[in-house]
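The values are calculated or read from the model by the stated rules, or taken from the named source; none is laboratory data. Keep in mind that what you see is a predicted model, and the values were worked out from it rather than measured. Positions of Cβ are generated from backbone atoms using ideal geometry, with glycine treated the same way; all protein chains shown enter the neighbour counts. Just the protein is used for accessible areas: all its heavy atoms, side chains included, with ligands, DNA and RNA removed. Shrake-Rupley method; radii C 1.70, N 1.55, O 1.52, S 1.80 Å.
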Amino acid sequence: MGRRIRVQRKGHGNVFRAHTHHRKGAAKLRPLDYAERQGYIKGVVKEIIHDPGRGAPLARVQFKNVYRYKRDNELFIASEGTYSGQFVYCGAKAALSVGNVLPLKSCPEGTVVSNVETHPGDRGKLARASGKFATIVQQSEDGKKTVLRLPSGKKKLVLSACRAQIGVIAGGGRIEKPMLKAGRAHYKAKAKRNNWPVVRGVAMNPVDHPHGGGNHQHIGHPSTVSRNACPGQKVGLIAARRTGKLRGTRVVAGANFIEDANK
């Protein structure tokens with residue numbers, strides 16, 4: 001019987017837990033309330049801050065509480081062009097300008113948005129990484145649904161009541177700078193979790209990995225493995241439906257609404 005392999009140790013936690021101690025908090029839109037549904041609410045960007053482990057900067061935005069005499073601080077993912085002291089407006093009747101938060105039904109086709117909700121009130125799920133954005137491709141005739149083009153190129157149909165932040169997420173071009181040396185990769189991973197460096201299975205001994213051992217670095221058997229394999233054996237292409245290079249294109253029949261948006 002061999003040792004517990006890396007994927008088994010990762011499931012246990014321990015040294016593989018995420019490094020969250022210095023993180024500033026969850027970056028979300030405001031909780032959806034009456035002020036946003038019926039009009040708008042004004043906030044001010046107090047500061048732009050760095051969040052360890054995140055490529056995009058965060059904006060600390062302060063709003064007046066509409067029910068009590070106090071102020072609410074929210075952490076937004078900063079849009080490109082956001083600055084401290086900027087006024088940010090959130091709501092259905094807010095202006096269409098960078099940094100503001102509007103429902104998708106209030107944005108014309110072609111608008112560049114980010115931090116988009118998938119369901120109304122979930123406070124932002126899509127296009128949140130540095131330099132990323134989604135584009136509004138089409139609004140439905142009844143005004144209830146919107147087609148988005150995501151950063152991956154995929155088109156997604158969401159409710160038009162979902163909110164989004166106008167503009168591109170700041171911090172774009174981050175991955176264009178080469179690492180150049182291992183030390184920079186080390187500090188990048190140090191801010192996130194223990195996931196670097198990654199030792200290949202074929203470079204290990206047989207006791208450490210199913211792909212280890214042999215007089216040359218080779219797997220020695222098919223890399224596909226059953227979905228029902230025991231945990232110490234489950235490495236490689238798990239429950240692969242197919243292997244090899246993807247060739248040609250596959251047409252998937254979808255809703256006519258999305259097909260029209262592709263044209």
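Residues of region 92-149 being open to solvent by less than 10 Å² (accessible area, probe 1.4 Å), at positive phi and touching a strand residue (DSSP E or B) at 6+ places or on another chain (Cβ under 6 Å), which ones?
Of everything in region 92-149, those that are open to solvent by less than 10 Å² (accessible area, probe 1.4 Å), at positive phi and touching a strand residue (DSSP E or B) at 6+ places or on another chain (Cβ under 6 Å) turn out to be Gly99, Asn115.
For Arg227, all conditions in the list (1) in contact (Cβ under 8 Å) with a residue 12 or more places away in the chain; (2) over 30 Å from Ile49 (Cα atoms); (3) open to solvent by less than 60 Å² (accessible area, probe 1.4 Å) hold save one; what is the number of the exception?
(3)
Output the residues belonging to region 169-185 that are within 23 Å of the chain's Cα centre (by Cα), loosely packed, with under 10 Cβ neighbours inside 10 Å and assigned to a helix (DSSP H, G or I).
Glu176
Please specify each residue of region 38-56 satisfying the condition of being more than 18 Å from His19 (Cα to Cα), in contact with a strand residue (DSSP E or B) (Cβ under 8 Å, 6 or more places away or on another chain) and touching a residue at least 40 places away in the same chain (Cβ under 8 Å).
Tyr40, Ile41, Lys42, Gly43, Val44, Val45
Going by the conditions given, is Phe76 without any contact (Cβ under 8 Å) to a residue 60 or more places away in the chain and touching a strand residue (DSSP E or B) at 6+ places or on another chain (Cβ under 6 Å)?
Answer is no for this residue.
For residues that are touching a residue at least 12 places away in the same chain (Cβ under 8 Å) and of a type outside the set (S, T, N, Q), scanning just region 1-10, find the one that is nearest to Ala92 (Cα to Cα).
Top of the filtered list is Val7.
Return the total of residues in region 12-37 being open to solvent by 40 Å² or more (accessible area, probe 1.4 Å), without any contact (Cβ under 8 Å) to a residue 12 or more places away in the chain and over 30 Å from Phe63 (Cα atoms).
Number satisfying all stated conditions: 2.
Anything in region 186-201 that is out of contact with any Phe, Trp or Tyr (no Cβ under 6 Å at 6 or more places or on another chain) and either surrounded by 10 or more Cβ atoms within 10 Å (Cβ to Cβ) or more than 25 Å from Val235 (Cα to Cα) (or both)? List them, or say none.
Within region 186-201, His186, Tyr187, Lys188, Lys190, Ala191, Lys192, Arg193, Asn195, Trp196, Val199, Arg200, Gly201 meet the criteria.
List the pairs whose first member sits in region 184-213 and is closer than 20 Å to Gly13 by Cα, whose second member is among the aliphatic types (A, V, I, L, M) and not in a loop (DSSP other than H, G, I, E, B), and whose Cβ atoms are under 7 Å apart, counting only residues at least 6 apart or on separate chains?
Pairs that qualify, where the first residue is closer than 20 Å to Gly13 by Cα and the partner is among the aliphatic types (A, V, I, L, M) and not in a loop (DSSP other than H, G, I, E, B), are Asn194/Val15; Asn195/Ala189; Trp196/Ala185; Trp196/Ala189.
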